[in-house]
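Structure record follows, encoded as structure tokens.
The values are calculated or read from the model by the stated rules, or taken from the named source; none is laboratory data. Predicted model, so just to flag it, every value in this text is computed and none were measured. Quick reminder, even Gly has a Cβ in these numbers, built from the backbone with ideal geometry, and neighbours come from all protein chains shown. We work out accessible area using only protein heavy atoms, side chains counted, and drop any ligands, DNA or RNA first. Shrake-Rupley method; radii C 1.70, N 1.55, O 1.52, S 1.80 Å.
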Amino acid sequence: YTNTIGSFAGRFQGTIENCVSSATVNGYKFVGGIIACRDNAMGDVTVKNCAFHGTLTTASSTAAQNAGGIVGGTYMDSNNSAPNGHRTNIIGNTCDGTISGMANVGGIFGGCVMIAQAWDAYEFRDNVFTGTIARGNADTTGAIIGFYDSLNKWDDIHDNTFSADCGAERGIGKVKYVDTSFENPTAVDGVTYI
């Protein structure tokens, strides 16, 4: 098992589209059906109209995390030097594969553990998950997104769909912080509103 592994790229910068994989992908942290994670550079990263039909698995260690059917996660930055970076555009992708991981497991996207707040608009839309989540911590496992550290006005997440029997209880597993100007947000256990 290694870090940052995907069918097409580990750390990626630019646009990847119309790619199809039926691979078996095994890794430890940041494991993706198409790409593992975005590179630390501040430019745009887009994954569009791709499909993953294979099997994706992280190690069984409790530290193994960020497994996604299309994208494993965002930055892999051990120095925590880019807390307000760009998010990845994830548009029109499909996954009908089997996704297994310990934490931050998503049918489309695994986990965003680095970006405290998005600074620029991006799109996360029109993705479809009809595969299976075979293993994952229920708190940070989602049919579309496993874990997001925060959400704010720049997050444009819509029109993503998943099969009800995919093995995940909800579309987004967990969000830690929500930055909102709404006066009375509907409270969700474990979420801090700022």
### Index of the failed condition, Y148 passing every other in (1) crowded, with 20+ Cβ neighbours inside 10 Å; (2) assigned to a loop (DSSP other than H, G, I, E, B)
(2)
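Scan A164, A187, A116, A168 and give me the residue that is surrounded by fewer than 20 Cβ atoms within 10 Å (Cβ to Cβ), in contact (Cβ under 8 Å) with a residue 60 or more places away in the chain and not acidic (D, E). Let's see the steps before the verdict.
On the way: A164 fails: in contact (Cβ under 8 Å) with a residue 60 or more places away in the chain; A187 fails: in contact (Cβ under 8 Å) with a residue 60 or more places away in the chain; A168 fails: surrounded by fewer than 20 Cβ atoms within 10 Å (Cβ to Cβ).
After applying the criteria, what remains is A116.
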### Query
S163 is checked against (1) under 14 Å from the mean Cα position of the chain (by Cα); (2) at pLDDT 95 or above; (3) over 17 Å from V71 (Cβ atoms) and fails just one. What number does that condition carry?
(1)
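Just to verify a result, which residue in segment 102-113, among those that are under 12 Å from the mean Cα position of the chain (by Cα) and part of a loop (DSSP other than H, G, I, E, B), is surrounded by the fewest Cβ atoms within 10 Å (Cβ to Cβ)?
The initial filter retains those residues of segment 102-113 that are under 12 Å from the mean Cα position of the chain (by Cα), namely 103-113.
Add one more test, that the residue is part of a loop (DSSP other than H, G, I, E, B), and what stays is 107-108, 113.
Values: G107: 35, I108: 31, V113: 22.
Per the stated criteria, the residue is V113.
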## Note on the structure
The condition of being in contact (Cβ under 8 Å) with a residue 24 or more places away in the chain and surrounded by fewer than 17 Cβ atoms within 10 Å (Cβ to Cβ) holds, among T130, T141, only for T130
### Task
Kindly indicate which of K174, K153 is out of contact with any Gly (no Cβ under 7 Å at 6 or more places or on another chain) and either open to solvent by 10 Å² or more (accessible area, probe 1.4 Å) or among the hydrophobic types (A, V, I, L, M, F, W, C) (or both).
K153
### Query
Going through segment 76-92 one residue at a time, which ones are at pLDDT 80 or above and not charged (D, E, K, R)?
T88, N89, I90, I91, G92
### Query
Within segment 39-52, can one find any residue that is more than 19 Å from T130 (Cβ to Cβ), at pLDDT below 90 and in a strand (DSSP E or B)?
no
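Applying the selection to segment 53-75, what residues are more than 24 Å from N160 (Cβ to Cβ) and either at pLDDT 85 or above or open to solvent by 50 Å² or more (accessible area, probe 1.4 Å) (or both)? Lay out the reasoning, then the answer.
Step one: of segment 53-75, the residues more than 24 Å from N160 (Cβ to Cβ) are 59-64.
Listed by number, the residues that qualify are S60, T62.
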